[in-house]
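Comments concern the structure below.
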Amino acid sequence: MKWFNLLRDRIRALFAREIVIEDIDRELRLHVDMQTDANIAAGMSPDEARREALRSFGNLPKVRDAAYDVKGGGFFETLSQDIRYGARVLTKHKTFTLVAVLTLALGIGANTAIFSVVNELLLKPLPYRDPERIVMVWEVTPEGRHQNNSSRGNFKAWREQNRSFENMAAFTDQRTNLTGEGEPEELTAQFTNPEFFEVLGVDPLLGRPLLPEDGEADKSNVVVLSYGLWQRRFGGQASVIGKPIMLNRVPSTVVGVMPAHFQFYIRQRTGTGRPAELWTVLPMPETPEADRGRFLGVVARLKNSVSTEQADAEMRTIAARLSGAIPQYNKDWSAEVLPLREQFSGNVRRPLLLLLGAVGFVLLIACANVANLLLSLATSREKEIALRAALGASRLRIVRQLLTESFLLAILGSLVGCALAWWGIKALVAISPRDLINLQNVGLNVTVLMWTLLLSFITGIVFGLAPALHITRLNLNDSLKEGAKGDSGQASGSRRLRNVLVVSEIALAVVLLASAGLLVKSFINLQQVNRGFDSQNVLTMVVRLPEAIYKEDPQFVRFFRQALEHIQALPGVRAAGIVNYLPFYGGLGSATGFTIEGRPQPLPGEEPTTDVRVADAGYFETMRIPLLRGRNFTDVEMREPRRVVLINEAMARQHFAGESPIGKRIDVQMFDTPTPTEIVGIVGNVKYESLIDEVQPTVYFSHPDLTYAFMTLVIRTEGDPAALAPAVHREIRSLDPNQPISDVRTMNQVMSETLSRARFNTLLLGLFAGLATLLSAVGIFGVMNYSVALRTHEIGLRLAIGAQPRQVLVLILKQGLLLTLVGVGLGLLAAFALTRLLSGLLFGVAAADAATFATISLLLVAVSLLASYLPARRAMRIDPLAALRYE
Amino acid sequence: MPTDSRYDYVSVRLKRSKVAKDKADLLQGTLDMLILKALSLGELHGYGIIQRIRQLSDEMLNVEQGSLYPALYRIEQKGWVSSKWVVHETGRDAKFYKLTRAGRRQLEAEEASWDRLVLAVTKVRQAT
């Protein structure tokens, strides 16, 4: 009952304060009136009666106050008063408010955005059932290269022999042509064992997943669509189930649709550059030839009782057994087990964690700034506060009111921060590498937001409370007296605290800038790595010919030769060629073993390995890959199989050191039977897979000798390559109107995407470093500005007794410089210690690179001087007369 | 049912710092009881309550007018009395207070409490 009444009274007073007061007044007045009447009845005169009544009542205003305390707005009312007062204070000190709110907002926004991304990538569970039990199983080459694909034969053996996995499925991504209704479209299909969906544990949205029966010999081809494909091409209609479609001109039936956002995209080894949009059965013929090629990825689900380490150990054992059992194929090959999460985000974990560190730093800096600002503001309001205390405000009341101001700041900062975070996340997603799973779905994480808001409120309270308590403890009498302003009157403790805050800010900024500088340098180095080809003005596209139509090898070869003839005749085309896979895009180079004729044969399984590519003479010309020795493919060799190959410099150096490889014969294990080929030329090294790693020995086959059904066209153009794309497409269509092309992009775009991850890291860190520098500059500005304001009297005195304005300027600048130098010094020490954490991300630059450190130190000093300049100028302009006159 | 354990004088604990506060609370509680008692005999306005208490105590208890109203408002918030404005006999409006059922129960509790206190103190006083 009591609480209800209490609340009701409080709310009523909040909205109708005057009525409540009037009510009380009326009652009290009535009381006095009645007493007056009684006095008159007792014989006093009316005036005397009233006076006596008032006197005996006591202090009327005091009683009214006491009564109002009970009936009035109480806590809510004082709160609302505090808020309104606080708002006025903040409006009055506009610069302070603006800077403080922005600082808080930047800290909060940055943190929330990054935390949201980190949460999505590193913490949020993967969209499969029990994702922690899903692992990838890879082979390891004898040379120790990890995450190598497996083969059908090995996969079957693994599946048979293992005891660690509940289920295992092999898969590979391939380009497929979808025809039938609508435009022919090339997309990526994932060929899998039917167990694939069980391993991942995701049920389809519509229809059914692939089932074991689908793999049986006489069954017709079935297909499961992705959500995106279903919406895009089949209008999201449920009637798609059972619909016939043509996949590479092979009739297939749609049996299911997967839920939205379902994908399984392993970029490195099986990726075609894009996530798969449909799933169909991986053919598993029983022929021994089919067992050999290593092109499969393997995903498995651990049994509940088995750990990743145990599974890894078992797989290694099985691999060792296979190495002994089938040495001509498996000698010294091993296997490894990798948790799925690691597969997806392993190589972003470290940079993301570093980013978290960076953002934490920025938040600290922001808090330090806000603390500084609050301290400064509180000190400059000493007089005002002293006055309130003198007028009767209790210490609690004053502290509460100052705290309310901090809260208001925190709220404002948080609101702006939320907006920044939302926008920041969008920006982050836009510039992020495309293959980061989940990132496309990231949104503002509410938990993270709550934590960040909490943090900002704590900052507000702590840094608002400290000065509040400090100020109200001062001897208020002194503050009211004249001449007590200035450095002398201020507690040196608070000044030291401010200086410490600024120095720490600068130190943190140094660390961030150093890190960013190192990354920028790495990035530049990365971009300048000689890739072995010229990516300027090169248009690329992939053409995949359906095997159902072009049944024989010569037909594939002929199509591409004709296409090239047409394309080369186009105006604006300087050169054109074909290759199976572009550098850095869409697939591995099929590493395999080879032997050199005339040399002692290595034991089976111990042959040296080489990468294999398929290209024509035009490819080297278009990409400006130099021919170092010998000759290129001739026209005949590009039309008919002639068993000639080109090798790259790395192959020449590693296996033909001191002799000429031209004319020598090698047998590359790409075919069912031994196939010796003659080396006719050496071409320059090309970095195909990694800018950082060594170039592998590579053998180039001509298309007739090793016929792929798809090839990538490369076209060197006069002007903008993209402009020529429609013309090229027309030429292709003129050969076959139903032939789609895909992945149309310039080589520069391909390179840009390759560098996208490094660019992402660099941009982000650079952004934060910039932010930190900005905040530090603001911090210095604030401190110096404030210092000057307080010392107006002292400076005026100096000027009055003869100091030159210039000397005052220098004085202030020197102070700022001192703070900066201390900060930079500390920061450099910290940077030395911390940048070694970056060493995994650096390329071509040491973690303690002197040049970088020196540059950023100078930069920060310059920025600080600039920030001190304005207050210094203000000091210089002080009118000594005015300063001395008004205390 | 006593509302405050302060009135449980079977185990008296007088913390030095609380003495003054306890004294004020004791007075507070007593005033509440007097007001409730006065109202138990019929509805009254504030002025009337003071008069009645004076009457009932043969002029010995003169409640300070300033402390009446805050106490009255507090009692009202606790739900022991209710108030309404009525037209006074001389044509003026006056705010009349009436004891509620909860108030009546509180009055009984306070009286019982007070009696216990008096008994205890008397016992102590009578010891030689």
Rounded if a/c under 1.5, otherwise prolate or oblate - segment A:607-683, Cα gyration tensor axes:
oblate
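Below 13 angstrom from the Cβ of A:Ile24, what's the summed charge of the other residues (Lys, Arg +1; Asp, Glu -1)?
Numbers: positive: A:Arg12, A:Arg17, A:Arg26, A:Arg29, A:Lys62, A:Arg64, A:Lys71, B:Lys95; negative: A:Asp9, A:Glu18, A:Glu22, A:Asp23, A:Asp25, A:Glu27, A:Asp65, A:Asp69, B:Glu76.
Once positives and negatives cancel, what remains is -1.
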Give the residue from A:Thr540, A:Gly517, A:Tyr550 lying farthest towards the positive end of the charge dipole for segment A:507-554; charges sit on Cβ (+1 for Lys and Arg, -1 for Asp and Glu) and the dipole is referred to the Cα centre.
A:Gly517
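Helix-only estimate, please: 222 nm mean residue ellipticity of chain A, summing -39500 (n - 2.57) across DSSP H runs of length 4 or more and dividing by its residues, to the nearest 500. Provide the component values of the computation, followed by the final result.
Details: 28 runs with 470 residues, N = 887.
Mean residue ellipticity, 222 nm, calculated: -17500 deg cm²/dmol.
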Enumerate the helices in chain A for which the Kyte-Doolittle hydropathy averages 0.0 or more and the C-alpha atoms extend at least 30 Å along the helix's axis, using complete DSSP H runs.
A:94-118, A:340-380, A:395-431, A:446-473, A:492-528, A:756-790, A:805-834, A:850-876
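For segment A:153-306, go through all pairs of different Cα atoms, get the mean of 1/r, take its inverse, and jot down that Kirkwood value in Å.
It is 16.1 Å.
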If Lys and Arg each add +1 and Asp and Glu each add -1, what is the summed charge of the other residues whose beta carbon sits under 10 Å from the beta carbon of A:Val543?
-1
Segment A:183-229 versus segment A:731-803: alpha-carbon centroid distance in Å
45 Å
Quick one: dipole size for the protein assembly as shown, taken about the Cα centre, charges +1 on Lys/Arg Cβ and -1 on Asp/Glu Cβ, in debye to the nearest 20.
4240 debye
Quote the FRET efficiency, to the nearest 0.05, computed for A:His261 versus A:Leu454 with a Förster distance R0 of 30 Å and r equal to the Cβ-Cβ distance.
0.50
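With a ≥ b ≥ c taken as the square roots of the eigenvalues of the C-alpha gyration tensor of segment A:706-858, please select rounded if a/c is under 1.5 and otherwise prolate if a/b is larger than b/c or oblate if it is not? All intermediate terms of the calculation are to be shown ahead of the outcome.
Numbers: a/c = 5.08, a/b = 2.88, b/c = 1.77.
Prolate shape, in that a/c is at least 1.5 and a/b is the bigger ratio.
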Alpha-carbon spread of segment A:681-776, three principal axes, descending order, Å
64, 36, 25
Proxy exposure order for A:Asp69, A:Asp611 (fewest C-beta within 10 Å first) is A:Asp69, A:Asp611
Once both label points are put 7 Å beyond Cα along the C-beta direction, the A:Ala723-B:Asp58 separation in nm becomes 12.0 nm
Would you mind classifying segment A:29-145 by shape? Square roots of the alpha carbon gyration tensor eigenvalues, ordered a ≥ b ≥ c; an a/c under 1.5 is rounded, otherwise it is prolate if a/b is larger than b/c and oblate if not.
prolate
Mind checking B:38-51 for the average number of partner chain beta-carbons within 10 Å of each residue's beta-carbon?
2
Cleavage-rule hits (GluC sites (Glu not before Pro)) in segment A:607-695: DSSP loop, at most 10 neighbouring Cβ within 10 angstrom:
A:Glu659, A:Glu694
Report Rg/Rh for segment A:777-883, rounded to two decimals, where Rg is the Cα radius of gyration and Rh the Kirkwood radius.
1.19
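Take A:Met44, A:Met450 and order them by how many other Cβ atoms sit within 10 Å, fewest up front. Write down the numbers at each step before the final one.
On the way: A:Met44 16, A:Met450 11.
Ascending Cβ contact count within 10 Å gives the list A:Met450, A:Met44.
Using the Cα centre as the reference, give the magnitude of the dipole from point charges on the C-beta atoms of segment A:1-133 (Lys, Arg: +1; Asp, Glu: -1; all else neutral), rounded to the nearest 20 debye.
Values: 20 positive and 18 negative charges, 115 e Å.
Dipole about the Cα centre, nearest 20: 560 debye.
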Per the 1/(1 + (r/R0)^6) rule, R0 = 35 Å and r from the Cβ atoms of A:Glu678 and A:Lys156, FRET efficiency to 0.05 is 0.45
If I model a spin label as a point 7 Å beyond the Cα along the Cα-Cβ vector, how far apart are those points for A:Ala657 and A:Val462 in nm?
6.1 nm
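What's the average, rounded to a whole number, of partner chain beta-carbon atoms within 10 Å of each residue's beta-carbon in A:27-33?
On the way: counts 11, 4, 1, 8, 10, 2, 5.
Partner Cβ neighbours, averaged per residue: 6.
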As I understand it, the dipole of segment A:195-327 uses +1 on the Cβ of Lys and Arg and -1 on the Cβ of Asp and Glu, about the Cα centre. Which of A:Met258, A:Pro209, A:Ala311 lies farthest toward its positive end?
A:Met258
Exposure proxy order (Cβ contacts within 10 Å, fewest to most) of A:Leu106, A:Leu841
A:Leu841, A:Leu106
Counting only other chains, what is the mean number of Cβ atoms within 10 angstrom of the Cβ of each residue in peptide B:67-73?
6
Selected from A:Ala846, A:Val99, A:Asn785, residue furthest toward positive end of dipole (the protein assembly as shown; charges at beta carbon)
A:Asn785
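Mind putting a number on the dipole of segment A:286-366 about its Cα centre? Charges go on the C-beta only, +1 for Lys and Arg and -1 for Asp and Glu, and I need it in Debye to the nearest 20.
Dipole of segment A:286-366, to the nearest 20 debye: 220 debye.
List the equivalent ellipsoid semi-axes of the protein assembly as shown in whole Å, largest first, each obtained as the square root of 5λ for an eigenvalue λ of the Cα gyration tensor.
Working: eigenvalues 1423, 311, 132 Å².
Here the semi-axes work out to 84, 39, 26 Å.
A short reminder: the numbers here are calculations on the coordinates, not readings from a lab. This structure is a prediction, so every number in the text was calculated from the model and none was measured. For neighbour counting, all protein chains shown are included, and Cβ atoms are generated from backbone atoms with ideal geometry for every residue, glycine included.
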